[in-house]
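The values are calculated or read from the model by the stated rules, or taken from the named source; none is laboratory data. In this text the structure is predicted, and so the values were computed from the model without any measurement. Using ideal geometry, Cβ is built from the backbone for each residue, glycine included, and neighbour counts are taken over all protein chains shown. For accessibility, only protein heavy atoms count, side chains too; no ligands or nucleic acids. Shrake-Rupley method; radii C 1.70, N 1.55, O 1.52, S 1.80 Å.
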Protein chains: 2
Amino acid sequence: MSSLDPATIEKLQTWLKVVSDPKRLRIINLLMEGVQCNCELGERLQMPRNLISHHLGVLRQAGLVEVERDMLDARWVYYSINRAALDELNAVFDAFFNPDRIQPRHPACGPQSVQEQISEIKFIEP
Amino acid sequence: MSSLDPATIEKLQTWLKVVSDPKRLRIINLLMEGVQCNCELGERLQMPRNLISHHLGVLRQAGLVEVERDMLDARWVYYSINRAALDELNAVFDAFFNPDRIQPRHPACGPQSVQEQISEIKFIEP
DNA sequence: CATATAATTCAATTTAAATTGTACTATATT
DNA sequence: AATATAGTACAATTTAAATTGAATTATATG
C-alpha cells in the first residue's frame with residue numbers, strides 16, 4: 001500500500017525519538033545480548049547509574065523494555081527487551097520505509113508540470 | 001548473528017537521529033508519495049520554506065534524499081528519496097533490531113548469578 | 001536499631017538542535 | 001537593466017532533552 005495511517009506514523013515517530021539517542025541505542029544493544037543487571041550496564045557503558053536509570057525509564061515508558069526484581073534480593077533490578085514491542089517496532093518501521101511505497105514523480109508545481117503545453121507553444125510562436 | 005559491527009551501529013545511530021525528527025519524518029512520508037517540489041512540501045506541511053530547506057539539507061547530507069533542478073526553469077528544485085540509501089537503512093535497522101539477536105538471560109551480578117550456591121548453603125546452615 | 005547498598009527521583013545545569021527572521025544567491029521575466 | 005521568484009545561508013532565539021549532583025526510597029545485613 002502507498003498510504004499510511006497517521007496513528008501509525010505518530011507511533012513510529014515516538015519510538016524513533018526514544019531509540020535515536022546514542023546512549024539508549026547502546027543500552028538496547030547490550031540488552032539484546034542478554035545483559036540485564038543495572039550495574040553491568042553502567043560498567044560496560046561507563047555511565048553513572050543515574051543516567052542509566054533515566055534512559056531505562058524512557059525505554060520502559062515507551063514499552064520497549066521490561067523490569068523484573070530479584071527474587072532473593074529485591075534491591076536488584078533486571079531489565080530485558082519487550083519482545084512484543086520489538087516486533088511492533090519492526091513492523092511499523094518496515095511499513096513506513098518500505099521502498100515499494102515510493103511512487104513515480106508527479107510534481108504539482110513548477111514548469112515540469114506543464115512541460116507539454118510549453119513545447120506546443122514554442123512551435124507556434126515565432 | 002548475535003553481535004554487531006560498531007561501525008554499523010554508528011551508522012544506524014546517525015540515520016536514526018536524522019529520521020527521528022517529526023518534521024523530517026513527515027517530509028520523508030510525502031517524498032515516498034512522490035511529491036517533490038519544494039513549494040508543495042511547504043504548503044502541505046504548513047512550514048516556511050526556510051525550514052523545509054533546512055530539513056531537506058539534513059536529509060540530503062545524510063544521503064537519504066537526492067536533488068534535481070528543473071530543466072526548463074533552474075529556479076525550481078525537486079527532491080526524491082535515494083533508493084539505495086533507503087535500502088541500506090532498512091538493512092541496518094533490521095540487523096540491529098532483529099528479535100533473533102535476543103539472548104537468554106545471564107545476569108553477571110546480583111544474587112541470581114550465585115543462586116545455586118546459596119541454596120546449597122541454606123541446607124547446610126541451621 | 002544502625003548502617004550499607006541498589007536504584008530512583010528531583011532540581012539545576014549544560015548541551016544540542018529546531019525554529020525564526022533577515023539577508024543573500026541564482027535564475028528568469030519584462 | 002530592473003524586477004520578481006525559488007531557494008539557500010546565516011545569525012539570533014527558542015525549545016527540548018541530556019547530563020550532573022544531591023537527596024530519597026526501599027531493601028538487606030550486622
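Odds and ends about this structure:
- Odd one out for B:Asp21 among (1) in contact with a Lys or Arg (Cβ under 9 Å, 6 or more places away or on another chain); (2) open to solvent by 60 Å² or more (accessible area, probe 1.4 Å): (2)
- Pairs, first farther than 19 Å from A:Arg49 by Cα in segment A:9-28, second open to solvent by 30 Å² or more (accessible area, probe 1.4 Å) and of a type outside the set (A, V, I, L, M, F, W, C), C-beta under 6 Å, six or more apart: A:Gln13/B:Pro22; A:Ser20/B:Lys17
- Taken together, the residues in segment B:48-99 that are without any contact (Cβ under 8 Å) to a residue 40 or more places away in the chain, within 11 Å of DNA strand D (Cβ to nearest atom) and open to solvent by less than 30 Å² (accessible area, probe 1.4 Å) amount to 6.
- The set of residues in segment A:1-59 that are within 7 Å of another protein chain (Cβ to nearest Cβ) and small (Gly, Ala, Ser) comprises A:Ser2, A:Ser20, A:Gly34.
- Test for B:Leu12: is it closer than 21 Å to A:Arg24 by Cβ, open to solvent by less than 40 Å² (accessible area, probe 1.4 Å), more than 15 Å from DNA strand D (Cβ to nearest atom) and in contact with a helix residue (DSSP H, G or I) (Cβ under 7 Å, 6 or more places away or on another chain): yes
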